[in-house]
Each structure stands twice: as structure tokens, then as C-alpha cells.
1. Please indicate, with yes or no, whether at least one residue in region 31-50 is exposed (fewer than 15 other Cβ atoms within 10 Å of the Cβ), over 21 Å from the mean Cα position of the chain (by Cα) and either at pLDDT 95 or above or not in a helix (DSSP H, G or I) (or both).
2. Looking at (1) out of contact with any Pro (no Cβ under 8 Å at 6 or more places or on another chain); (2) part of a loop (DSSP other than H, G, I, E, B); (3) of a type outside the set (Ser, Thr, Tyr); (4) at pLDDT 95 or above, find the lone condition where residue 89 falls short.
3. Would you confirm whether or not region 36-44 contains a residue that is touching a residue at least 40 places away in the same chain (Cβ under 8 Å) and farther than 19 Å from residue 3 by Cβ?
4. Any residue in region 51-70 that's at negative phi: show its pairings with residues that are surrounded by fewer than 13 Cβ atoms within 10 Å (Cβ to Cβ) and hydrophobic (A, V, I, L, M, F, W, C) at Cβ separation under 6 Å, as long as the two are six or more apart or on different chains.
5. Do we have any residue at all in region 4-24 that's closer than 27 Å to residue 95 by Cα and exposed (fewer than 14 other Cβ atoms within 10 Å of the Cβ)?
6. Hey, can you tell me all the residues within region 25-60 that are of a type in the set (Val, Ile, Thr) and farther than 25 Å from residue 77 by Cβ?
7. Quick one: in region 96-114, which of the residues that are under 22 Å from residue 45 (Cβ atoms) and at pLDDT 95 or above is farthest from the chain's Cα centre (by Cα)?
8. Might you check whether a residue that is surrounded by 10 or more Cβ atoms within 10 Å (Cβ to Cβ), closer than 30 Å to residue 6 by Cβ and either in contact with a strand residue (DSSP E or B) (Cβ under 9 Å, 6 or more places away or on another chain) or modelled with pLDDT of 95 or more (or both) occurs anywhere in region 60-80?
Amino acid sequence: MVLTIGLDEKTSHDLEQIARVRAVEPVILAREAIRAFLRAETRRAIEQQANAFRQLHPELLRTMPGEFAAIHKGKLVDHDVDQLALFQRIEAAYPGQPVLIRQVRPEIEQTIDVRSPRIEYG
């Protein structure tokens, strides 16, 4: 599907100027800008789901410890002990939509320590 988007004169002019400076087609810059916006919106939606997970955590821990919970639009929409099975159901039910899948553990946030090699000079 191709979507045609109209730009006001100022936006079009500014886009053309930047495209000229970068020596690229304006449509390429517009595509990059829209993709960046869509990525930011997905990150924002997932952060909202993470906040909802934090709020729901006490109840989730009481009712489904160790399971994987799927949070969409601030609500628990599915859960399972099998992460892959849950993921497949979520992909089918909410294609292309941001859904947080997180394991219900006693700690709300999982901390992962990554150790880097230390270089010692002799």
C-alpha cells in the first residue's frame, strides 16, 4: 500500500533545503523522519505497557508467578508459562501492535550485569 501525504509549503520548502544540503531526495528524508517517529511511538507505547506492568505486578505475582504476562493498552491480555506460545498468540491477535511480554518475577525489574574484560598493562 502506498500512502500519499501532503505537506504545507513551509515544511516542503524546509525538507527540500535539507535534502539539497545532504544531497539526497526529499522523499528519502521524509521516509527517515516518519520511520523515526514510528519507532519513537512504539518505544513510548512499550514504556506505557511497562508502567502498567509495574502497577499490575503485585496482583500478577500473586496469581501467576513465573508465568509470562502480555500487557496491551495497560491491561493484561494473555499469559502463559510458555513464552513462545504466548508470543505466537499475541502476534496473531495484535499484529504490528506494541505488546509488552514480561516474566512475572518477585523483582519488578530484572537487572542484568554485563562484565567487560579489563585490560591490565604490565
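The values are calculated or read from the model by the stated rules, or taken from the named source; none is laboratory data. On a predicted model such as this, the values are computed, not experimentally measured, just so you know. Cβ atoms come from the backbone with ideal geometry, glycine included; neighbour counts cover every protein chain shown.
1. No: zero hits.
2. (2)
3. no
4. 67/81
5. In the first step, residues of region 4-24 are kept if they are closer than 27 Å to residue 95 by Cα; the result is 4-5.
From the residues that got through so far, the ones that are exposed (fewer than 14 other Cβ atoms within 10 Å of the Cβ) too are 4-5.
Taking every residue of region 4-24 in turn, at least one turns out to be closer than 27 Å to residue 95 by Cα and exposed (fewer than 14 other Cβ atoms within 10 Å of the Cβ).
6. Selection gives 27, 28, 34.
7. Ranking the qualifying residues of region 96-114, first place goes to 104.
8. no
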